[in-house]
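Working notes, beginning with the structure itself.
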Amino acid sequence: MSSTLLESQSPPSTSPPGTSPPGTSPSGTSPSATPAQDLAEAFRAAMSALAAPVTLVTCYDDLGRPRGLTASAVSSLSLTPPLFLVCLDRTSRTHDTLTGAEDFAVHLLGPGEEHLVKRFMRPAEHRFDGVPLAADSHRAPVIRDASLTLHCVRHDVLEGGDHTILVGRVTAVRGEPAHSGGLLWHRRGFAHARRP
């Protein structure tokens, strides 16, 4: 639901199942909440039930420094031409860099690659500290330890409410799709979906 999937998720409730935290209604909202707030909370909760792929999206800024963020609102868009979209939170410090970059990379992560996501929980300027890049990182930073990466050229940038939809044309795929992917974000935590 958000491009900053770990930082922006609300912490899960610590109340026992079937109860509400003090000062809230049985629906989990404050008695003084407006209908819009109620809907926003209900929508956020519903989206936490929707398992989403965990990805890292990377590019270079104007000074040639690697930049990137976590993204779970991603999807294939077209086969001809091959297009892939990423939804970026407009409040992200990396938003303008990504939407302005000619090239970017999307790393489709799998079980065992959670450590890469945790590195991207650091401040934007330190996310690549100690992260080795692959040899083919000249157009966009490609994380060497990520098992599957899409190389993209910016195709379009669209408005989407409080997010921006970055559409990339896929120019190359690095890795082995048959044995990659499967790291999910579900109910505000990591989950795995991988076939043998």
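The values are calculated or read from the model by the stated rules, or taken from the named source; none is laboratory data. Keep in mind it's a predicted model, so treat the numbers as computed, not measured. Neighbour counts are summed over all protein chains in view; Cβ atoms, including those assigned to glycine, are modelled from backbone coordinates with ideal geometry. Heavy atoms of the whole protein, side chains included, go into the accessibility calculation; ligands, DNA and RNA do not. Shrake-Rupley method; radii C 1.70, N 1.55, O 1.52, S 1.80 Å.
Restricted to region 1-103, the set of helices (runs of 4 or more DSSP H) holding at least 1 residues that are at pLDDT 95 or above and within 23 Å of VAL157 (Cα to Cα) comprises 95-100. Out of everything in region 151-196 that is of a type in the set (A, V, I, L, M, F, W, C) and open to solvent by less than 20 Å² (accessible area, probe 1.4 Å), what residue ends up being modelled with the lowest pLDDT? Filtering first and then ranking leaves LEU183.
For ALA146, the stated conditions hold: it is farther than 21 Å from ILE165 by Cα, aliphatic (A, V, I, L, M) and surrounded by 23 or more Cβ atoms within 10 Å (Cβ to Cβ).
When the residues of region 140-149 are filtered to those that are modelled with pLDDT of 95 or more and out of contact with any Pro (no Cβ under 9 Å at 6 or more places or on another chain), the one that is nearest to VAL106 (Cα to Cα) is THR149. Filter region 155-171 for residues that are over 16 Å from the mean Cα position of the chain (by Cα) and either of a type in the set (Ser, Thr, Tyr) or more than 10 Å from ALA105 (Cα to Cα) (or both) and give the result. Once the filter is applied, which keeps residues that are over 16 Å from the mean Cα position of the chain (by Cα) and either of a type in the set (Ser, Thr, Tyr) or more than 10 Å from ALA105 (Cα to Cα) (or both), region 155-171 yields HIS155, ASP156, VAL157, LEU158, GLU159, GLY161, ARG169, THR171.
What strands (runs of 3 or more DSSP E) completely inside region 138-186 contain at least 2 residues that are closer than 15 Å to VAL86 by Cβ? Per the criteria, 148-160, 163-175.
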